[in-house]
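Encoded as structure tokens, the structure appears first; notes follow it.
We did not get these values from a lab; they are worked out from the coordinates using the rules stated. These numbers were taken from a predicted model, which means no experiment stands behind them. Here the Cβ is made from the backbone with ideal geometry for all residues, glycine too, and neighbour counts use every protein chain on show.
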Amino acid sequence: MKRVRIDRFAYTPKGTFGTLEVYDGAMLLFSCRTIERPWENNKPNVSCIPASMYFMKLDNFKEKYADYQLQDVSGRSFIEIHIGNSMADVTGCIALGKHYRIDEQNDKYWIAESTVAFNEFMETMDGDKEAVLEIRENVISTAHIA
């Protein structure tokens, strides 16, 4: 079973930012950026979820495309990893992208090329029906800056 890890490195009012990595054993298969809602005490639809270990199951995002839904998130339901570019696109879920963008004029932070990153993630997962996701907090690394 593949192992997915999100290392969150920034909690801000503009979003929670991290890096998602997929492993098969010790081998890194894939890496991309993440954006989530800011931490708001795990309130549904407005907060990112707590850092913890979760099982993910292959699902269907709003009956539009295959994605992964997290299981047994305390006090929450329908938490999914899906396509999105800003925290406005996620209501407690996790969106993937290739790199970050800053819109200084509108004071917003984005992840770019979300569809590309998501499709690469799904290709890496190769139709696996389930996987383990570990979300870790406050992981600082210069790899996150690129």
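Trypsin sites (Lys or Arg not before Pro), restricted to the range 11-67: which are DSSP loop and have at most 12 other Cβ atoms within 10 Å?
Lys62, Lys64
Between rounded, prolate and oblate, where does the range 64-131 land on the alpha carbon gyration tensor, with a ≥ b ≥ c its root eigenvalues, rounded for a/c under 1.5, else prolate if a/b exceeds b/c? Intermediate results must be reported in sequence, preceding the final value.
Working: a/c = 3.05, a/b = 1.42, b/c = 2.15.
Oblate, since a/c reaches 1.5 and b/c is not below a/b.
Do any chymotrypsin sites (Phe, Trp or Tyr not before Pro) in the range 19-78 lie in a loop, going by DSSP, with at most 15 other beta-carbon atoms within 10 Å of their beta carbon, and if so which?
On the way: sites: Tyr23, Phe30, Trp39, Tyr54, Phe55, Phe61, Tyr65, Tyr68, Phe78; in loops: Trp39, Phe78.
Filter output for the range 19-78: Phe78.
For Ile94, what is the net charge nearby, where nearby means another residue's Cβ is under 9 Å from its Cβ and Lys, Arg count +1, Asp, Glu -1?
Details: positive: none; negative: Glu36, Glu80.
Value of the local net charge: -2.
Summing -39500 (n - 2.57) over the DSSP H runs of n ≥ 4 in the chain and dividing by its residue number, what mean residue ellipticity at 222 nm do you reach, to the nearest 500 deg cm²/dmol?
Details: 1 runs with 12 residues, N = 146.
The per-residue figure over the chain is -2500 deg cm²/dmol.
As a test of understanding, state the convex hull volume per residue of the chain from its alpha carbons, in Å³. Walk me through the numbers before you get to the answer.
On the way: hull volume 15.3 nm³, N = 146.
About 105 Å³ per residue, rounded to a whole number.
Please list, in order along the range 95-101, the HN-Hα scalar couplings obtained from phi with the Karplus expression 6.51 cos²θ - 1.76 cosθ + 1.60 (θ = phi - 60°), rounded to whole Hz, x for Gly and Pro.
9, 10, x, 7, 7, 8, 9
Using only alpha carbon pairs under 8 Å that are at least six residues apart, calculate the relative contact order of the range 3-138 and give it in whole percent.
Values: 336 pairs, mean separation 38.1, N = 136.
Relative CO of the range 3-138 lands at 28 percent.
Hey, can you grab everything whose amide H is under 5 Å from the amide H of Gly84? Only 5+ residues off in sequence or another chain; H modelled, so Pro and N-termini drop out.
Leu96
Kindly provide the GluC sites (Glu not before Pro) of the range 1-103 that DSSP labels as loop, not H, G, I, E or B, and whose Cβ sees at most 14 other Cβ atoms within 10 Å. The partial results should precede the final answer.
On the way: sites: Glu21, Glu36, Glu40, Glu63, Glu80; in loops: Glu40, Glu63.
Passing both the DSSP loop test and the Cβ count: Glu40, Glu63.
Distances longer than 19 Å among the Cα atoms of the range 3-71: what percent of all pairs is that?
On the way: 1008 of 2346 pairs.
So the portion of pairs separated by more than 19 Å is 43 percent.
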